[in-house]
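Let me begin by presenting the structure, written as structure tokens, before commenting on it.
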Amino acid sequence: MSSHKLLILNGAILSVCAVFDFAWRTNLLISLMLFLPLLDKSWGYPELIMNPVNLTRWGFVTITGIALLANHPAHITAGISTLVFAALPEEWFFRAYFLQQLGKVSHINTFFRYKKTNKTYVPLAANLLTSALFSLLHTPTQGWFALTIFFPSLFYGWVYQRSKDIVLVILLHALSNIVFFIYIAQSLSSES
């Protein structure tokens, strides 16, 4: 099976599983996000680059998350869970795999090329399409609020396209979820 057909199939499988509500949906989605990319032989695993710049970035984001959780100990379990069961599988699938492979699809490459300057907008188009799928897959559990997830997803995609640092993107995703749990969700629940 060609790489772009497998990419479409993987996205469709995740979409179908996200739409239907059944007891073990979350476990299935996590498993699929972690293992579907491994079926694509044309995909290269993201490199783990441990240089001083990356270590500093990882440390800063991690210390920020720990500081937030230290001030709100009731959210420690949610913070660890969001890192392991949300940020890791979602970023592994959507940024390290889907975004990277989508940028290689020749139809997108042809469609998003400006003819006069021959400039390509493939990275932007791939990020927009990946973020659209990412936010749509959150709608069954989060309703219309999931559409706001589009914007952080664009940011995660932008960071990944610039840095190729999947660890940084996973940590940023977990940190934003922690901020959501502690501040946004708490204030929304106290208003109602």
* Of all residues in segment 37-65, count the ones that are closer than 16 Å to Ala87 by Cα and either among the aliphatic types (A, V, I, L, M) or loosely packed, with under 12 Cβ neighbours inside 10 Å (or both). => 1
* Asked: On the given criteria, is Thr110 over 12 Å from the mean Cα position of the chain (by Cα), farther than 18 Å from Trp58 by Cα, part of a helix (DSSP H, G or I) and at pLDDT 90 or above?
  -> no
* If we scan segment 72-83, do we find a residue that is buried (at least 17 other Cβ atoms within 10 Å of the Cβ) and not in a helix (DSSP H, G or I)? -> no
* To do: Kindly check whether there is at least one residue in segment 15-27 that is within 19 Å of Phe134 (Cα to Cα), touching a residue at least 60 places away in the same chain (Cβ under 8 Å), surrounded by 15 or more Cβ atoms within 10 Å (Cβ to Cβ) and under 14 Å from the mean Cα position of the chain (by Cα).
  => no
* Asked: When both residues are 6+ apart or on different chains and their Cβ atoms are under 6 Å apart, which pairs have a first residue that lies in segment 51-78 and is in contact (Cβ under 8 Å) with a residue 60 or more places away in the chain, and a second that is of a type in the set (Asp, Glu)?
  -> Asn54/Asp165
* **For Thr56: the one exception among (1) part of a helix (DSSP H, G or I); (2) under 23 Å from Ser163 (Cα atoms); (3) under 16 Å from the mean Cα position of the chain (by Cα)** => (3)
* To do: Inspect segment 90-104 for any residue being at pLDDT below 95, over 18 Å from His4 (Cβ atoms) and either part of a helix (DSSP H, G or I) or in contact with a Lys or Arg (Cβ under 9 Å, 6 or more places away or on another chain) (or both) and give the result as yes or no.
  => no
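The values are calculated or read from the model by the stated rules, or taken from the named source; none is laboratory data. Keep in mind it's a predicted model, so treat the numbers as computed, not measured. Every residue, glycine among them, receives a Cβ derived from its backbone with ideal geometry; neighbour counts consider all protein chains shown.
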